[in-house]
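Structure first, then comments.
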Amino acid sequence: MAKHRISAASKTTIARAVLGATVIASALGANAVAANADTATGVAAATAARHPDTAIAAHKAGDRVEETKVNVTADQVLALARAQVGTSENAYGGGTKYQQWYAASKRAAETVARDGGNRAAYLNAAWCSMFVSWVGEQTGARPQVGWDAYTVAHAKWFAANHRFGTVAKPGAVVFFSWDGGKSLSDIQHVGFVVKDNQNGTISTIEGNTGNGRVEERIRPKSKVFGYGYPQYRA
């Protein structure tokens, strides 16, 4: 988020390298892609618009089942996420360890192959999904938390693994659609559920929110698209 703080130069970089733009271009039209920095960060929008069928097929091929069990609890994942609260991006929308880790990761090579662009594009890209992925990696829960820089692809991974639903649970990965869209392609932001407040809201920990920070938030359930459920150790 914090899109208003991204410089003109970095906006151009993001517009040239929008992750998963094919899916959004198909649903919303190519003109909407560059503006949606929260949901996409690595493939050229123009390329996506020209070759949607090819890139969508590559995107679907990445939705693979990964059943590796982990010896990590939801409390452990949330504790590390909470320890990151206050971490902030720089004036260009980058500079976080989450972006730097992702750009150097094996997954970045896979998502570049899937979506186009290059690793460097992740360094100043929207990082809410990279934050979730980093927490999963650092705690050893990544096979259950998943990893991606693109919120839609991250949600589709949970759906492909039959771990996606509408009930808030501690440690679940929560996906937001600010406009109330009903398609997975409408997802714009992601974080961790801390708890259901039983009053129409949930408590969360999110990266790249507010002014480009990791923050604890209270969110209305009306903005939630759905939840991914890692299979943590009880």
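The values are calculated or read from the model by the stated rules, or taken from the named source; none is laboratory data. No experiment lies behind these values; they were computed from the predicted model shown. Ideal geometry is used to build each Cβ from the backbone, glycine not excepted, and the neighbour counts take in all protein chains shown. Each accessible area value is taken on the protein alone, full model and side chains, heavy atoms only, with ligands, DNA and RNA left out. Shrake-Rupley method; radii C 1.70, N 1.55, O 1.52, S 1.80 Å.
Any chance region 178-188 includes a residue that's in contact (Cβ under 8 Å) with a residue 60 or more places away in the chain, assigned to a loop (DSSP other than H, G, I, E, B), in contact with an Asp or Glu (Cβ under 7 Å, 6 or more places away or on another chain) and open to solvent by less than 20 Å² (accessible area, probe 1.4 Å)? Within region 178-188 (the criterion being in contact (Cβ under 8 Å) with a residue 60 or more places away in the chain, assigned to a loop (DSSP other than H, G, I, E, B), in contact with an Asp or Glu (Cβ under 7 Å, 6 or more places away or on another chain) and open to solvent by less than 20 Å² (accessible area, probe 1.4 Å)), the answer is no, since none of the residues qualifies. Any chance region 138-148 includes a residue that's open to solvent by 10 Å² or more (accessible area, probe 1.4 Å) and under 12 Å from the mean Cα position of the chain (by Cα)? Yes; the residues of region 138-148 include at least one that is open to solvent by 10 Å² or more (accessible area, probe 1.4 Å) and under 12 Å from the mean Cα position of the chain (by Cα). Among residues belonging to region 204-214 that are open to solvent by less than 40 Å² (accessible area, probe 1.4 Å) and out of contact with any helix residue (DSSP H, G or I) (no Cβ under 8 Å at 6 or more places or on another chain), point out the one that is nearest to Asn161 (Cα to Cα). Top of the filtered list is Thr204. When Phe131 is tested against (1) assigned to a helix (DSSP H, G or I); (2) at pLDDT below 50; (3) open to solvent by less than 10 Å² (accessible area, probe 1.4 Å), exactly one condition is not met: (2).
Kindly indicate whether any position in region 193-203 is in contact (Cβ under 8 Å) with a residue 60 or more places away in the chain, surrounded by fewer than 22 Cβ atoms within 10 Å (Cβ to Cβ) and hydroxyl-bearing (Ser, Thr, Tyr). The answer is no; no qualifying residue exists. Each residue in region 77-126 was checked for being in a helix (DSSP H, G or I) and surrounded by fewer than 17 Cβ atoms within 10 Å (Cβ to Cβ), and 12 pass. Annotation note: of Trp157, Trp147, the sole residue that is outside any helix (DSSP H, G or I) and either in contact with a Phe, Trp or Tyr (Cβ under 9 Å, 6 or more places away or on another chain) or polar (S, T, N, Q) (or both) is Trp147.
Has region 158-176 got any residue that is charged (D, E, K, R), at pLDDT 95 or above, within 14 Å of the chain's Cα centre (by Cα) and open to solvent by 30 Å² or more (accessible area, probe 1.4 Å)? No, there is no match, as no residue in region 158-176 is charged (D, E, K, R), at pLDDT 95 or above, within 14 Å of the chain's Cα centre (by Cα) and open to solvent by 30 Å² or more (accessible area, probe 1.4 Å).
Taking the conditions exactly as written (touching a Ser or Thr at 6+ places or on another chain (Cβ under 7 Å) and open to solvent by 40 Å² or more (accessible area, probe 1.4 Å)), does Arg233 satisfy them or not? Steps first, please.
Values: touching a Ser or Thr at 6+ places or on another chain (Cβ under 7 Å): yes; open to solvent by 40 Å² or more (accessible area, probe 1.4 Å): yes.
Yes.
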